[in-house]
1. Looking only at segment 26-43, how many residues end up being in contact with a strand residue (DSSP E or B) (Cβ under 9 Å, 6 or more places away or on another chain) and either surrounded by fewer than 18 Cβ atoms within 10 Å (Cβ to Cβ) or among the acidic types (Asp, Glu) (or both)?
2. Please work out if ALA19 is within 22 Å of THR251 (Cα to Cα), under 21 Å from the mean Cα position of the chain (by Cα), in contact (Cβ under 8 Å) with a residue 40 or more places away in the chain and assigned to a helix (DSSP H, G or I).
3. Would it be correct to say that LEU279 is buried (at least 18 other Cβ atoms within 10 Å of the Cβ) and at pLDDT below 95?
4. Of the residues LEU140, LEU119, which is without any contact (Cβ under 8 Å) to a residue 60 or more places away in the chain, touching a strand residue (DSSP E or B) at 6+ places or on another chain (Cβ under 7 Å) and not in a loop (DSSP other than H, G, I, E, B)?
5. Considering each residue of segment 122-137, count those that are hydrophobic (A, V, I, L, M, F, W, C) and in a loop (DSSP other than H, G, I, E, B), and give that number.
6. List, please: which pairs have Cβ atoms under 7 Å, are six or more places apart or on different chains, and start with a residue in segment 335-357 that is closer than 12 Å to LEU35 by Cβ and end with one that is buried (at least 20 other Cβ atoms within 10 Å of the Cβ) and among the aromatic types (Phe, Trp, Tyr)?
7. Does segment 69-99 hold any residues that are under 19 Å from GLU115 (Cα atoms) and either of a type in the set (Lys, Arg) or assigned to a strand (DSSP E or B) (or both), and which are they?
8. Hey, among LEU358, LEU392, LEU396, LEU340, which residue is of a type outside the set (S, T, N, Q) and under 21 Å from LEU269 (Cβ atoms)?
Amino acid sequence: MPNNSVFTRRFSLSDLVYAASGYRQHHSNQPVSQLIVEGYGQINHQSLLDAVTIASETSPVCRLRLSGKWGFKRWSADGALPTVHSISREWNGDYSEDLDFIDTPLDLIDGPVAEVIQLVGSKTWLIFRIHHAVTDGVGLVEFVMSVFAALNGKQPPNYHSRITLENMPEGNLDALPATVRNAPVPFPMPPQPINTDRSRIWQRITLPGKDSRILLRTILALSQLSATSDKRSARIQVPVNLRRHLPEEMTSANLIGMIRLDVDHNETLRSLVKKFSLLMEQNQELPVAVKSLTSRAMFWIPLPLLRALEKRVIRQLLRRPAFRCSGTVSSLGMIQLEALSTQSFNAISAFGIPIPPLGTPLMAVIMSNNHQSELVISACRALITPIEFSALAEQLIQKLNNSC
């Protein structure tokens, strides 16, 4: 049994925001991070279960449990181990409404907060899922790599640091751009949304070849799709890994900041590189006001009340869509497929599925390997129909091809 039950971590502001979006088994449309490895072959179920158990020792976020109340909420690593399922079923890796192994809810109090599903058919798909309240996309990648390290007889690294967002250096308020109230978006907003259900649709786009500029090319393509007659700048949000500021810490906490990139109508890849580099030098992604009295007061609000408030805000947003950004583009970086393979399983690709969009009209997640880049886009079903979404994906592909 894992011996890390003593591991605890304070509840951070980012944890609180994601938990308010759904923290019990019956809460739908939770912010669950999902990484999928595609390949051939099969991993023995018991071997996979043993590897997940080992990875849960070195990455205790996988068995965290929310404990405490009011302002004393905290994480304790004495919760349930991630569940492991092996299912015989065909799948092509694309979205459909009947995927009962994607987007199923998790439980932050009773657990588990993570699960692993092996879907075996003509291809094998390993689906790793973890609630965003316990870790970010970087933490999910660390967990996946730890599982495969254990499968290959290696000892995974220990991610036992207890630092949180509140331990980051204070951000510079002057580096933040002015707030945008109604940013141009990459698809027409309906005059009256179809509904106020926050469920989302997603589509996977595979781009052959190794491309180190895929993040910037995607940002540029989305900004071009958001072009308006008055030539307003598109604002693209780019999540940035805050671990670069504390490289000595081995942590799986939620440590993501946000770069807000204003992209002009005549922007080029070269000018975009300069603009993005400048914002990184200014450390725009560092958190601001996370230690303020207002932020601290939020911890004293009961989670049921926070969830009710969050649902009300989302419903109001969907009734009268107006966003502070044109889209969000996140990169999970380059991954070596050899590290996701075993003697009995050969990985041929990997991709992440965006969480249900929160305050952004479109979310894109990029993961690259030596052979291709996987781009997955996601939007709320209340704002766009499946036919319109497919057309948007085709337009995005065309823009990406034109920028090569």
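1. Restricting attention to segment 26-43, the residues satisfying the condition of being in contact with a strand residue (DSSP E or B) (Cβ under 9 Å, 6 or more places away or on another chain) are 29-43.
Retained after the next criterion (residues that are either surrounded by fewer than 18 Cβ atoms within 10 Å (Cβ to Cβ) or among the acidic types (Asp, Glu) (or both)): 38, 40-42.
Number of matching residues: 4.
2. Details: within 22 Å of THR251 (Cα to Cα): yes; under 21 Å from the mean Cα position of the chain (by Cα): yes; in contact (Cβ under 8 Å) with a residue 40 or more places away in the chain: yes; assigned to a helix (DSSP H, G or I): yes.
It is true that ALA19 is within 22 Å of THR251 (Cα to Cα), under 21 Å from the mean Cα position of the chain (by Cα), in contact (Cβ under 8 Å) with a residue 40 or more places away in the chain and assigned to a helix (DSSP H, G or I).
3. Working: buried (at least 18 other Cβ atoms within 10 Å of the Cβ): yes; at pLDDT below 95: yes.
Against the criterion (buried (at least 18 other Cβ atoms within 10 Å of the Cβ) and at pLDDT below 95), LEU279 qualifies.
4. Working: LEU140 fails: without any contact (Cβ under 8 Å) to a residue 60 or more places away in the chain.
Just one listed residue meets the conditions, LEU119.
5. Kept after step one, since they are hydrophobic (A, V, I, L, M, F, W, C), are these residues of segment 122-137: 125-128, 130, 133-134.
Next, from what is left, pick out any that are in a loop (DSSP other than H, G, I, E, B): 133-134.
Total satisfying the criteria: 2.
6. Matching pairs, first to second residue: LEU340/PHE148; ILE353/TRP202; PRO354/TRP202.
7. TRP75, SER76, THR83, VAL84, HIS85, SER86, ILE87, SER88, ARG89, listed by residue number.
8. On the way: LEU358 fails: under 21 Å from LEU269 (Cβ atoms); LEU392 fails: under 21 Å from LEU269 (Cβ atoms); LEU340 fails: under 21 Å from LEU269 (Cβ atoms).
Unique residue meeting the criteria: LEU396.
The values are calculated or read from the model by the stated rules, or taken from the named source; none is laboratory data. Owing to the predicted nature of the structure, the values given are computational and were not obtained by experimental measurement. Virtual Cβ from ideal backbone geometry, glycine too; neighbours counted across all protein chains shown.
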